[in-house]
1. So, in the stretch B:433-490, how many Lys pairs have Cα atoms under 15 Å apart, if the pair is 8 or more places apart or on different chains?
2. Give the calculated FRET efficiency between A:LYS108 and B:VAL252 to the nearest 0.05, with a Förster radius of 41 Å applied to their Cβ-Cβ distance.
3. Taking the 0 to 90 degree range and rounding to the nearest ten, how far is the long axis of helix B:235-254 tilted relative to the main principal axis of chain B, both from C-alpha atoms?
4. Can you work out the FRET efficiency for the pair B:GLU442 and B:ASN122, with r the C-beta to C-beta distance and R0 = 56 Å, to the nearest 0.05?
5. Report, ordered by chain and residue number, the lysines lying within cross-link reach of B:LYS424, taken as a straight Cα distance under 19 Å and ignoring same-chain residues fewer than 8 apart.
6. Equivalent ellipsoid semi-axes for the stretch B:9-303, as square roots of 5 times the alpha carbon gyration tensor eigenvalues: give them largest first, rounded to whole Å.
7. Taking beta carbons within 10 Å but only from partner chains, what does the mean come to for residues A:50-56?
8. Other chains near B:80-93: what is the mean number of their Cβ atoms within 10 Å of each residue's Cβ?
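The values are calculated or read from the model by the stated rules, or taken from the named source; none is laboratory data. What you are looking at is a predicted structure, and each value in this text was computed from that prediction instead of being measured. Virtual Cβ from ideal backbone geometry, glycine too; neighbours counted across all protein chains shown. Ligands, DNA and RNA are excluded from the accessible area calculation, which covers all protein heavy atoms including side chains. Shrake-Rupley method; radii C 1.70, N 1.55, O 1.52, S 1.80 Å.
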Amino acid sequence: MKVAEKDVLYVADLANLELSPDERPRMVRDLNSILDYIDRLNQLDTSDVAAMAQTSDRFGVDQSKRGSERFAYASRDDIHNGLRESLPRDEALANAPESDGNFFQVPKVIER
Amino acid sequence: MVTSPDTSVAARARYEPVIGLEVHVQLLTVTKIFCSCSTRFGEPPNTNVCPVCLGMPGALPVLNRKSVEFAVLAAMALNCRVNETSIFARKNYFYPDLPKGYQISQYDKPLAEFGFIEIKTNGGGSKKIGITRLHLEEDAGKSLHEGFPDAAEKTAIDLNRSGVPLIEIVSEPDISSPDEAYDYLTRLKEIILYTGVSDCNMEEGSLRCDANVSVRPRGQKQFGTKTEVKNVNSFRFIRQALEYEIERQIDVLEAGGMISQETRLYNANQGKTYAMRSKEQAHDYRYFPEPDLLPLVVDEKWKAQIAERLPELPEARRARMVREYGITEYDAGVLTATKNLADQFEEAAAAAKNPKRVANLVQSELLGRLKAKGLEIEQSPISMKGVALSADLVESGAISGKILKDLYDLCFERNQDFPAVYGKEKPQQITDSSAIEKMIDEVIAINPRQVEQYRAGKKTVMGFFVGQIMKATNGQANPKLVNDLLSKKLE
């Protein structure tokens with residue numbers, strides 16, 4: 001067992017999740033099973049494989065391009081024109097649980 | 001007012017502060033870092049927002065190339081090594097003004113590392129403060145806690161700032177006094193302003209600073225437990241907050257207590273820091289690579305293009321100006337306080353007949369008057385162009401040094417620039433040779449000893465005669481004419 005219930009509760013707390021008492025053992029089991037699988041992957045020798053942060057680093061890019069040019073297609077110029085406009089405010093606020101028509105509103109934040 | 005705890009001088013001397021600074025600088029792009037919403041400050045709340053910066057599910061970030069260029073430019077100006085490949089990462093935490101529940105930042109592979117800023121030390125030497133890293137990230141929105149009818153129960157959120165590009169500049173813990181921290185920040189701001197990538201406006205939050213501070217017994221290698229001081233909105237307050245916090249920590253230790261690692265807020269009105277109530281787990285951000293963005297690659301070619309836009313930086317400029325204009329290091333510092341001012345000065349100096357004279361006038365006539373009036377050079381009634389014009393007039397002999405001084409006084413009295421005052425006063429020079437000749441005759445007649453000295457070969461006595469004539473004419477005689485006529489009469 002790599003993770004115990006206290007680890008699950010810690011992670012759930014960080015994620016703002018409330019787990020009921022009967023959900024906790026299931027989460028412990030699932031997380032351990034995932035970590036066991038990672039252990040299997042760790043058996044592979046990857047010492048000569050470069051670390052990869054994003055799969056899109058290797059796949060879906062024009063392989064003939066090098067350097068900055070390789071990923072340039074996924075960036076943009078610093079201009080408004082021709083790009084997506086900002087939303088009208090009423091639309092931006094439409095899904096808010098609470099608002100006063102100008103601001104999103106949340107229960108009073110005391111800290112910070 | 002700063003009210004410091006009562007730490008004895010002897011106790012203070014036993015400890016050494018260790019300070020590191022984290023500075024956030026907003027980049028002057030037109031649009032946000034990952035969407036095309038405007039970055040403009042002061043717009044009606046929640047009008048510069050879109051699915052990306054509101055954190056709507058499924059919205060994808062697209063990187064603004066200009067934000068990268070600005071960050072690289074700042075990194076170069078701060079002597080950093082720019083990494084060819086850097087990775088965006090998600091920093092996970094919950095706060096109402098962070099709509100996605102994570103901030104897109106950079107973590108283990110930042111854009112730039114290993115920089116430094118040089119500051120002056122008390123002894124007249126200099127000290128390098130290391131820069132650990134400089135990375136790109138997005139800003140969060142703004143929480144407003146006061147000023148609303150229901151402010152007692154609610155916090156209002158404006159997401160216009162959400163997604164505005166920032167660079168975070170993290171220093172090494174190389175700073176060992178509040179004064180050094182102040183100097184580091186002043187230099188940093190000056191350099192960033194020169195690059196033009198930010199306006200560094202602290203009131204608008206374009207430059208924000210958090211300080212990590214601890215104390216340790218002098219000579220001890222190991223760091224003490226640090227606290228993080230936040231919520232400080234001017235360099236002066238940061239210095240005060242650090243002074244307070246250092247003494248507070250020493251007091252705690254001297255009383256046999258322990259420093260708890262915590263975030264403290266500075267209250268400028270009271271001059272004190274207060275521990276912020278917060279959850280213990282607040283700092284577990286669970287960074288992981290941002291899967292919605294590609295690696296950021298700044299290759300040599302792009303880097304070279306960006307480097308072309310790197311201006312001459314303040315330190316180098318000061319050294320060159322001392323060399324070129326023969327001014328003091330201090331005055332060069334005043335003239336390079338902002339890039340704009342230095343540009344104005346150099347432009348005016350270059351257009352004048354004698355650039356050095358422009359520098360001399362700034363040094364001898366302008367700065368002293370500004371100081372006497374308590375004005376910053378940006379508030380000077382006399383512009384650099386005005387100084388240049390006055391320098392040319394002196395150079396050509398159209399006005400004397402005495403008249404120039406009078407005109408400068410008038411400029412300050414009336415708060416008008418030199419050309420306006422000169423145009424109105426049109427100081428009349430005495431250019432009537434016969435009138436001057438008459439005065440010269442009188443002066444020669446009553447100073448026979450000096451005449452003898454001159455004729456015996458002591459040519460420097462000439463200055464005495466010129467001075468006498470100028471005094472007699474209230475400085476209004478044309479100096480060149482006076483010189484010519486004097487030479488003739490004395491030979």
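1. Close lysine pairs under the 15 Å cut-off: 7.
2. Once the sixth-power term is evaluated, E becomes 0.85.
3. Between the helix axis and the principal axis of chain B, the angle is about 60 degrees.
4. My answer for the efficiency is 0.50.
5. List returned: B:LYS385, B:LYS402, B:LYS405.
6. Equivalent-ellipsoid dimensions as semi-axes: 32, 24, 18 Å.
7. 5
8. The mean count of partner-chain Cβ atoms within 10 Å per residue comes to 1.
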